[in-house]
Amino acid sequence: MTPELARENRIGVTLMVASMALFICNDSIVKHVGQTMSVPQLVFLRGLGATSLIGAAIVLSGAWRQWRM
């Protein structure tokens, strides 16, 4: 295995662990907040949070520059 491939594998593993940790946090928050909020409100807030995270990732990665109007 080349050093570059090993580095890419470590990055992939790290991102996978981070995504699973975020999934656990999201699940815990939804279960906690779900005790006091209705389902439509909960779905809306979850979607708003996910959209915010995806938007931030797009801006931080610079991918928005590739979009054409």
Pairs under 6 Å by beta carbon, first residue open to solvent by less than 100 Å² (accessible area, probe 1.4 Å) in region 29-51, partner part of a helix (DSSP H, G or I) and among the aliphatic types (A, V, I, L, M), six or more apart or different chains? GLY34/LEU42
Scan of region 1-14 for residues that are of a type in the set (S, T, N, Q) and either under 17 Å from ALA50 (Cα atoms) or assigned to a helix (DSSP H, G or I) (or both), ordered by number: ASN9, THR14
Do the conditions hold for ILE58, that is, is it outside any loop (DSSP other than H, G, I, E, B), without any contact (Cβ under 8 Å) to a residue 60 or more places away in the chain, surrounded by 11 or more Cβ atoms within 10 Å (Cβ to Cβ) and in contact with a Phe, Trp or Tyr (Cβ under 8 Å, 6 or more places away or on another chain)? yes
Do we have VAL17 as open to solvent by less than 100 Å² (accessible area, probe 1.4 Å), in a helix (DSSP H, G or I) and touching a Lys or Arg at 6+ places or on another chain (Cβ under 7 Å) here? no
Residue that is modelled with the lowest pLDDT [pool: residues in region 28-62 that are among the β-branched types (Val, Ile, Thr) and within 11 Å of the chain's Cα centre (by Cα)]: ILE54
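The values are calculated or read from the model by the stated rules, or taken from the named source; none is laboratory data. The shown structure was predicted, so the numbers you read here are calculated from the model rather than taken from an experiment. Positions of Cβ are backbone-derived with ideal geometry, glycine not excepted, and every protein chain shown enters the neighbour counts. For the accessible areas, the whole protein counts, side chains as well, though only heavy atoms, and no ligand, DNA or RNA atoms are used. Shrake-Rupley method; radii C 1.70, N 1.55, O 1.52, S 1.80 Å.
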